[in-house]
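Visitor: Pasting in a structure now, in structure tokens, and then I'll have a few things to ask.
The values are calculated or read from the model by the stated rules, or taken from the named source; none is laboratory data. Predicted, not measured: the structure shown is a model, and the values here were computed from it. Positions of Cβ are generated from backbone atoms using ideal geometry, with glycine treated the same way; all protein chains shown enter the neighbour counts. The area values use the complete protein model at the heavy-atom level, side chains included, leaving out ligands, DNA and RNA. Shrake-Rupley method; radii C 1.70, N 1.55, O 1.52, S 1.80 Å.
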Amino acid sequence: MPADVPELPSPANQAACWPQLPPGKVSRCWHAALEYAGDGAWDWNIVSGAMFFGPRFKAMLGYDATFAATFDAFLRHVHPDDLRRLHERIEHHFTHEDEAFACDLRIRHQDGEYRWMQTRGQLVERDSQGGPSRMVGTQRDISAMRHAEATLQQQLAETVRLNQQLEGAQVQLVQSEKLAAIGQLAAGVAHEMNTPLGFVSSNFGSLERYARQLLNSVEAYRSAAIEHADRDAFADADACYRAADIDFLKEDLPALLSETREGLERVQRIVRDLKDFARIGEQEWQFADLHHGLDSTLNILRYEIKHKAEVVREYGDLPVVWCVPSMLNQVFLNLLVNAVHAIPAKGVITVRTRVESDHVCIDIADTGCGIAAEHLDHIFEPFFTTKAAGKGTGLGLSLAQDIVARHHGRIRVSSVEGQGTTFTVELPLTTLNQAAMQAGNPVMPS
């Protein structure tokens, strides 16, 4: 027998071990069986307040016969913060006898420290008026289990904290990659903005001249009218009219205004696309239109792409997807930049979307140089790159894979050296996405 299990008296002497209470419905064999099983037995006379505590019960708390055999004495050992819960559980059991009594308590050991004990019991007798009169039960030391649970909770809290730090670091990395990409593309973006701004500025000069000529004509006719149709005044007004070439202005002004409006709209679109692409500080999960994100990213890359490739959009009917849009925009940017860099002279980049079963697929395919077979197993590794020094950090695909994995999706790649590469992003659909598709509505209701 283990050293920490007290030796029980022989059957002949068992009666002397628990003289406090009559055996009633609970036999001495029951007490002995519990003690040998490692649980401490207790027997409570609710009317008198007397209690029997088995040897194992006392040993758990470091006591022997000096442990007073009363319910009040037991309560004095219970941690003050646990007393209310204990009384509530006992009262509940008295009124719901079919539910076994169970309560985890901190009970003071003889050394002054508290131990966690699991106390279970059952009301077994009532008096003639139906009041509770006797209750029996067991006690088990669960201090080790509670300590393990506390340790596990601490480890879990630490894991959550580290995970939050990791997510924060990933967000910062995404944003730094975005800003770095925008910095690398700054010349192209500036060119895209300078072109419409250039003809808006030129048109503004023409509009200013036309406006001055029109105002001069109007002022000349006004002066002639004030002078009561003086021949010389009308001749001057007519000269101003002919000088203004009003017939030409009627044709050119609408065209100038339309072109100017178009230029300003192009600038606004570029600024809006930059804002939509970056979304600095916006990391909330939401339903988003992936086509909008793809178009914004393509517009940001327009100057870089247009000299290297034709873009073919083959968009299918997609529902909105539960995601962090700014992070997926970073994925699209990385894949599209890689596609551009893979095309040595002139080629085609195809962006294709579709729904397959319970997920959406976004293909970004190029007709570039392809990826060597020996590199395919390494392209998603951090800092791995086949580009020349200064052309890439080697983090783009690794970051893209992490973002897609965070969205519970995956990235697949297929490539033939000398023919091109296709990256496929797969993102899962929620039940809400699928309901929208079945309803024939690619946009979720707000």
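Visitor: Among the residues of the range 60-75, are any charged (D, E, K, R) and surrounded by fewer than 16 Cβ atoms within 10 Å (Cβ to Cβ)?
Guide: yes
Visitor: Please go through (1) within 18 Å of ARG140 (Cα to Cα); (2) exposed (fewer than 13 other Cβ atoms within 10 Å of the Cβ); (3) touching a residue at least 60 places away in the same chain (Cβ under 8 Å) for VAL47 and return the number of the only condition it doesn't satisfy.
Guide: Only one criterion in (1) within 18 Å of ARG140 (Cα to Cα); (2) exposed (fewer than 13 other Cβ atoms within 10 Å of the Cβ); (3) touching a residue at least 60 places away in the same chain (Cβ under 8 Å) is unmet by VAL47, namely (1).
Visitor: Kindly establish whether THR297 is of a type in the set (S, T, N, Q), on the phi < 0 side of the Ramachandran plot, modelled with pLDDT under 90 and surrounded by fewer than 18 Cβ atoms within 10 Å (Cβ to Cβ).
Guide: Details: of a type in the set (S, T, N, Q): yes; on the phi < 0 side of the Ramachandran plot: yes; modelled with pLDDT under 90: yes; surrounded by fewer than 18 Cβ atoms within 10 Å (Cβ to Cβ): no.
Taking the combined requirement at face value, the residue does not satisfy it.
Visitor: Would you confirm whether any residue within the range 279-290 is over 26 Å from GLY368 (Cα atoms), surrounded by 14 or more Cβ atoms within 10 Å (Cβ to Cβ) and among the acidic types (Asp, Glu)?
Guide: Looking for residues that are over 26 Å from GLY368 (Cα atoms), surrounded by 14 or more Cβ atoms within 10 Å (Cβ to Cβ) and among the acidic types (Asp, Glu), one finds at least one in the range 279-290, hence yes.
Visitor: Return a yes/no flag: does the range 304-312 have any residue that is open to solvent by 50 Å² or more (accessible area, probe 1.4 Å), among the hydrophobic types (A, V, I, L, M, F, W, C), touching a strand residue (DSSP E or B) at 6+ places or on another chain (Cβ under 9 Å) and touching a residue at least 12 places away in the same chain (Cβ under 8 Å).
Guide: Looking through the range 304-312, none of the residues is open to solvent by 50 Å² or more (accessible area, probe 1.4 Å), among the hydrophobic types (A, V, I, L, M, F, W, C), touching a strand residue (DSSP E or B) at 6+ places or on another chain (Cβ under 9 Å) and touching a residue at least 12 places away in the same chain (Cβ under 8 Å).
Visitor: Within the set of pairs 6+ apart or on separate chains, which have a first residue in the range 261-278 that is basic (Lys, Arg), a second that is at pLDDT 70 or above, and C-beta atoms under 6 Å apart?
Guide: If the second residue must be at pLDDT 70 or above, the pairs left are ARG266/PRO196.
Visitor: Tell me yes or no: at least one residue of the range 32-41 is under 19 Å from GLY131 (Cβ atoms) and at pLDDT 60 or above.
Guide: no
Visitor: Another one. Could you list, in sequence order, all residues of the range 353-374 that are out of contact with any Asp or Glu (no Cβ under 8 Å at 6 or more places or on another chain) and part of a helix (DSSP H, G or I)?
Guide: GLU374 - this is the single residue of the range 353-374 that is out of contact with any Asp or Glu (no Cβ under 8 Å at 6 or more places or on another chain) and part of a helix (DSSP H, G or I).
Visitor: Can you tell me which residue in the range 396-427 is nearest to PHE332 (Cα to Cα), limited to those that are surrounded by fewer than 17 Cβ atoms within 10 Å (Cβ to Cβ) and small (Gly, Ala, Ser)?
Guide: ALA405
Visitor: Please list, ordered by first then second residue, the pairs with beta carbon atoms under 8 Å, 6 or more apart or interchain, first in the range 69-93 and more than 23 Å from SER133 (Cβ to Cβ) and of a type in the set (D, E, K, R), second open to solvent by 50 Å² or more (accessible area, probe 1.4 Å) and outside any helix (DSSP H, G or I).
Guide: ASP81/ARG106; ASP82/ARG106
Visitor: Has the range 88-102 got at least one residue that is within 19 Å of PHE67 (Cβ to Cβ) and of a type in the set (D, E, K, R)? So that I can check it myself, show each step before the final result.
Guide: Going residue by residue through the range 88-102, those that are within 19 Å of PHE67 (Cβ to Cβ) are none.
No, every residue in the range 88-102 fails to be within 19 Å of PHE67 (Cβ to Cβ) and of a type in the set (D, E, K, R).
Visitor: From the list LEU123, LEU105, which one is closer than 23 Å to MET145 by Cα, modelled with pLDDT of 90 or more and open to solvent by less than 60 Å² (accessible area, probe 1.4 Å)?
Guide: After applying the criteria, what remains is LEU105.
Visitor: If I filter the range 428-441 down to residues being within 23 Å of the chain's Cα centre (by Cα) and modelled with pLDDT under 80, which single residue comes out as surrounded by the most Cβ atoms within 10 Å (Cβ to Cβ)? Working first, answer last.
Guide: If we filter the range 428-441 for residues that are within 23 Å of the chain's Cα centre (by Cα), which is where we start, we get 428-436.
From what's left, modelled with pLDDT under 80: 430-436.
Values: THR430: 14, THR431: 8, LEU432: 14, ASN433: 23, GLN434: 14, ALA435: 13, ALA436: 20.
Going through the qualifying residues, I end up with ASN433.
Visitor: Moving on. Which of the residues belonging to the range 54-103 are basic (Lys, Arg) and farther than 18 Å from SER143 by Cα? Write out each step before concluding.
Guide: Of the range 54-103, the ones basic (Lys, Arg) are 56, 58, 76, 84-85, 89.
Residues satisfying the conditions are ARG76, ARG84, ARG85, ARG89.
Visitor: Okay, moving on. Working only within the range 288-322, note down all residues that are over 23 Å from VAL271 (Cα atoms) and under 22 Å from the mean Cα position of the chain (by Cα).
Guide: Passing the criteria: LEU318, PRO319, VAL320, VAL321, TRP322.
Visitor: All but one of (1) open to solvent by less than 10 Å² (accessible area, probe 1.4 Å); (2) part of a loop (DSSP other than H, G, I, E, B); (3) under 17 Å from VAL413 (Cβ atoms); (4) not aliphatic (A, V, I, L, M) hold for GLU381; state the number of the condition that does not hold.
Guide: So GLU381 meets the others, but not (1).
Visitor: Please give the number of the condition ARG140 fails out of (1) farther than 30 Å from ARG406 by Cβ; (2) open to solvent by less than 40 Å² (accessible area, probe 1.4 Å); (3) of a type outside the set (A, V, I, L, M).
Guide: Result: ARG140 passes all but (2).
Visitor: Quick one: what pairs do we get from the range 98-120, first residue acidic (Asp, Glu), second surrounded by 12 or more Cβ atoms within 10 Å (Cβ to Cβ) and assigned to a loop (DSSP other than H, G, I, E, B), C-beta under 8 Å, 6+ apart or different chains?
Guide: Close Cβ pairs (under 8 Å, with a partner that is surrounded by 12 or more Cβ atoms within 10 Å (Cβ to Cβ) and assigned to a loop (DSSP other than H, G, I, E, B)) amount to ASP104/ILE142; ASP111/GLY62.
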